[in-house]
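First comes the structure, then the notes that go with it.
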Amino acid sequence: MKYLVLIFMLFNSVIMKAQADEVLPYYEIPDYNETYTANSVTARMVDGLGFRYYWATEGLRKDDLNYKPSETGRETIETIEHIYNLSKFIRNSVLTNNKDANKEKLDFESMRKQTLWNFKLVSETLINTSEAYKLEDSEVPFWNIINGPISDTLWHCGQVVLLRRASGNPFNSKVNLFSGKVKQ
């Protein structure tokens, strides 16, 4: 447990510095680990999610954010807010003592940035934890985090891509989802 706290403190300080420098993670997917562990596979899933989210939300216009496909559907910004809340749930499930004190409503750019940093913090924590991960003080199995909020967030990233296409602003065709790179 004390190692998780130390890892959290180390990565939190690295991420806070990067946030201050305004360098957003997941323009490209990070290099992969050479070994397969439960933690590294889950971290890679989160990295793939971060990459997809980065590009699903990159260059969205006000018209895109306000786009609503039908009277009963969500606006794109509502889907993005849902993804943001899922990212906090994933982060809070993996990191102990990291609950949000701030409940204020964020604008799109702030939500986007914080969502990307939430994914990065989760991935780095999982990669740098040597023991098999399990949720502290929870009756929810870690598997449910994978098939629940991680999978749900992937689903909603696809919805954002569909909504932006429908509002006239298609996904960047230079993004290669297979390699996790951007074609030059």
Quiz item: Where a Cα-Cα gap under 16 Å defines reach, which aspartates and glutamates qualify for K120, not counting those fewer than 8 residues away within the same chain?
Solution: D21, E22, E28, D31, D47
Quiz item: Say each of L177 and E22 gets a label point 7 Å from the Cα, pointing the same way as Cα to Cβ; how far apart are those two points in nm?
Solution: 3.0 nm
Practice problem: Provide the net charge surrounding V175, with neighbours chosen by a C-beta distance below 13 Å and charges set as Lys +1, Arg +1, Asp -1, Glu -1. | Solution: +3
Self-check item: 3J(HN,Hα) from dihedral phi, segment 64-79, Karplus parametrisation 6.51/-1.76/1.60, rounded to Hz, x for glycine, proline
Solution: 5, 5, 8, 5, 9, x, 7, 4, 9, x, 8, 5, 4, 4, 5, 5
Self-check item: HN-Hα J in Hz across segment 170-175 - Karplus 6.51, -1.76, 1.60, θ = phi - 60°, x for Gly and Pro
Solution: x, 4, 4, 6, 7, 7
Quiz item: Which ³J(HN,Hα) values, rounded to whole Hz and listed in residue order, are derived for segment 39-46 from phi using the Karplus coefficients 6.51, -1.76 and 1.60 in 6.51 cos²θ - 1.76 cosθ + 1.60 with θ = phi - 60°, glycine and proline given as x?
Solution: 5, 5, 5, 5, 4, 5, 4, 5
Practice problem: Could you tally the net charge around Y32, taking each other residue with its Cβ under 11 Å from the Cβ of Y32, Lys/Arg +1 and Asp/Glu -1? | Solution: -2
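Computed from the coordinates by the stated procedures, all read-outs in this text should not be read as laboratory data. Here the structure is a predicted model, which means the values were calculated and not measured. Neighbour counts are summed over all protein chains in view; Cβ atoms, including those assigned to glycine, are modelled from backbone coordinates with ideal geometry.
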